[in-house]
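For reference, the structure is listed below as structure tokens.
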Amino acid sequence: MTQTGQAIAAQTTATAGESCTVAIREEFGWRRASQRDIVVFFKGWIEGLDAAALAARFAKERPSPKAIGDLLASAIGHFAIVATGPGWAFAAADWVRSIPLAIAMVDGVWTIDDRPERLRQRAGRGAADIDSDAALAIGMAGYTIDDAALYRGIQLLVPGELAFIESGSLTRHRYTIYRPWQVRPASAQALESELKELTLHLIERMLGALQGRTLVIPLSAGRDSRLIASAAKHLGYRNVRLFTYGRAGNFEAKASKAIAERLGYPWAFVPATIGRHRRFFESEDYLGYLDFADSGCSVPFVQDMAPLMELKASGYVPDDAVIVNGNSGDYISGNHVPETMWRPAQGLSDEARWQRITDALLKKHFALWRSLVRSKNNARIVTLLRNSIARAGGVLGDPDTDHGLYEYAEFQDRQCRYVITGQRIYEFLGHEWRLPLWDNDYLRFWEGVPLAEKAGQALYSRMLTNANWGGVWQDVPVNRKTIRPLTVVPLRLAAKLLHAPFGAERWHRFERRYFQYWMDATCNSACVPYDRVRRDTRGARHHIAWLAELYLARHGVELDRLTAQD
């Protein structure tokens, strides 16, 4: 066994020229096991399997893409696996790509790494290799589309995919695909009963695997993290600590404190200020995290890193804590399906149905910068989206299932390329994590739920209210917004009254430019100075727009050069 942090290189030995290098290091949760000439690198957890068991399995029988796919399609857990043997190698991501894997040709040898940016540098890819479509998508949404990397020549595995290398050739295989357009009919009562039973089962399975370690939950005023905490209470897990962060007096803090008190769990609040977050964004810790979490396809997720660092320093979060957030119950239960997709599509032509889907995606996710929202740019994005959906087998079928094509595009790209990278924060700070609401069984269930039960989270909210685990679901409000700091309130009201004659759009542009910086509850707007924001005329939607520009700039891409003239 090599020492932590030391690079490991494993090569196949079948014949000259047939080789694969694994550049993964035994750090941040990666483990290595070998048996005879089989080497397995494993990160995460699979119920009943670990690196040694996988090495023994592959030593006994040479794996094929089908055999690997069959194994992983029934696996329970979140993981990344890389294995090498005589004449073959493979890399595999789990159902939601919770851990990134990248592959590139380096000096004529296929090389696999879990750090795409490190691999990019090793492969010698630079400015000439920037994929302009990928850069545009990052500028407009914060992430690329489908399997695209920012640099050509870097291959990134997507959810439910494995890459198999044999005789110097690489092939890619999807062993599972989340297809939420494949709706299965069921009564509302049967769905609610099944969802309640399944949710408790998943939380109970997770808690059993923790073996008494401290469960730390970032608690908000929403449903998802509240579900984790209240189900843990219902199931009798005692070693739980909750925390909330943001501007003092924000509703998240008030609601989460009430939830914690009702459940009887310890709760800590980490107040956020622009000054504290500005210092965070200038820190060596943050710069180190940017290098670690650079996925080559999305802006790094930063939301709860600063408060978690403070809680670790204070001792509130112990070193052996397992962190469990609510990702991504909000998405999977239907809350991201826009109201424009709730209406029946009967009577619309096929092209009109596609336009409704892609227009909703553009409006919701591809408008970080108003300056990039141009017809030519939109057309490029639409082509990429439709190709991605088609590659997954998505076609127009029953008009009542069009929402599933929309959901797939968000799942494949925003959820599994951007949102899920928040798990890198926990790894960077030395913690294990779990994602029970991204469990494979949950994906299977929600894939078949009809639109009527997803729209407005009808099924999810009804089940949680009726189950009322921990007594926190019927009288503690969900996601009631407040404006903080209070000093902004009178200034904002006066400005809004002055803008009344000019319409809502004019007001919202003004608000985003002059007030949103201070109203951001997380204070992550401090990633850039306020003076830069108020002087800018390109129309940033929120702080993620600025993070996208900063990310592209780190790679030598100027945001303004992405603007297409109509």
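The values are calculated or read from the model by the stated rules, or taken from the named source; none is laboratory data. Worth saying up front: this structure is predicted, and the values here are computed from it rather than measured. As a convention, Cβ positions derive from the backbone with ideal geometry for all residues, glycine included, and neighbour counts pool all protein chains shown. Note: accessible area is taken over every heavy atom of the protein model, side chains too, but ligands, DNA and RNA are not part of it. Shrake-Rupley method; radii C 1.70, N 1.55, O 1.52, S 1.80 Å.
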Solvent-accessible surface ranking, highest first, for Arg424, Arg554 at 1.4 angstrom: Arg554, Arg424
Ranked by accessible surface with a 1.4 Å probe, highest first, in what order do Trp267, Trp342 come? Trp342, Trp267
Per-residue SASA entry for Lys254, accessible area with 1.4 Å probe, Å² rounded to 10: 120
Spacing of the two label points (7 Å from each Cα toward its C-beta) at Glu194 and Gln474, in nm: 2.7
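Provide the three semi-axes, in whole Å and in decreasing order, of the ellipsoid equivalent to region 517-566 as defined by the square roots of 5 times the Cα gyration tensor eigenvalues.
Taking √(5λ) for each eigenvalue gives 21, 13, 9 Å, largest first.
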What is the sum of charges, Lys and Arg at +1 and Asp and Glu at -1, for the other residues whose Cβ falls under 12 Å from the Cβ of His555? -3
If you restrict to DSSP beta bridges whose two residues both lie in the chain, what percentage is antiparallel, to the nearest 5? 70
Over the chain, what relative contact order in percent results from Cα pairs under 8 Å that are six or more residues apart? 18
Summing +1 per Lys or Arg and -1 per Asp or Glu among the other residues with Cβ less than 11 Å from Tyr289's Cβ gives -4
The local net charge around Arg506, scoring Lys/Arg +1 and Asp/Glu -1 for residues other than Arg506 whose Cβ lies under 13 Å from its Cβ, equals +3
So the pair-distance distribution of region 325-449, from every Cα-Cα distance in 10 Å bins, comes to percents of 11, 39, 34, 14, 3, 0
Taking a ≥ b ≥ c as the square roots of the Cα gyration tensor eigenvalues, with a/c under 1.5 meaning rounded and otherwise prolate when a/b beats b/c, else oblate, which class fits region 86-126? oblate
If the convex hull of the alpha-carbon atoms of the chain is projected onto planes in all directions, what is the mean projected area in square nanometres? 26.4
Sequence-separation-based contact order of region 65-150, relative, with Cα cut under 8 Å and 6+ spacing, percent: 15
Cut-off under 5 Å, modelled amide H: who pairs with Val373 long-range: none
Applying the gyration tensor rule to the Cα atoms of region 223-362 (axes a ≥ b ≥ c; rounded if a/c under 1.5, else prolate if a/b exceeds b/c, else oblate), the class is oblate
What shape does region 364-423 take by its C-alpha gyration tensor, where a ≥ b ≥ c are the square roots of the eigenvalues and a/c under 1.5 counts as rounded, a/b above b/c as prolate, and the rest as oblate? oblate
Using the Karplus curve 6.51 cos²θ - 1.76 cosθ + 1.60 with θ = phi - 60°, work out ³J(HN,Hα) for each residue of region 190-205 in order, rounded to whole Hz, and write x for Gly and Pro. 5, 5, 5, 5, 5, 5, 4, 5, 5, 4, 4, 4, 5, 5, 5, 5
Of the listed links Lys43/Lys233; Lys196/Lys363; Lys257/Lys312, those spanning more than 31 angstrom between alpha carbons are Lys196/Lys363
Which of the peptides 491-500, 358-367 is most tightly packed, and how do the rest follow, judged by the mean count of other Cβ atoms within 10 Å per residue? 358-367, 491-500
Taking amide H positions as placed in the peptide plane 1.01 Å from N, state which residues far from Cys20 in sequence (5 or more) or on other chains have amide H under 5 Å from it. Thr12
Counting only residues 5 or more places away or on other chains, whose amide H sits under 5 Å from the amide H of Val270 once H atoms are built in the peptide plane? Thr244, Tyr245, Gly246
Note, ³J(HN,Hα) from phi for region 110-118, Karplus 6.51, -1.76, 1.60, rounded to Hz, x at Gly and Pro: 5, 10, 10, 8, 8, 10, x, 5, 4
Largest to smallest accessible area among Arg36, Arg118 [probe 1.4 Å]: Arg36, Arg118
Given 37 °C and 0.692 mPa s, compute D for region 114-233 with the Stokes-Einstein relation, Rh being the Kirkwood radius over Cα pairs; round to the nearest whole µm²/s. 172
In whole Hz and in residue order, list the ³J(HN,Hα) couplings for region 380-392 that follow from phi through the Karplus curve 6.51 cos²θ - 1.76 cosθ + 1.60, θ = phi - 60°; x for Gly and Pro. 5, 5, 4, 4, 5, 5, 5, 5, 5, 4, 5, 5, 8
State the dimensionless ratio Rg/Rh of region 289-373 (Rg: radius of gyration of Cα atoms; Rh: Kirkwood radius). 1.14
Would you mind checking the radius of gyration and Dmax of region 172-298 based on alpha-carbon positions, in Å? 19.3, 54
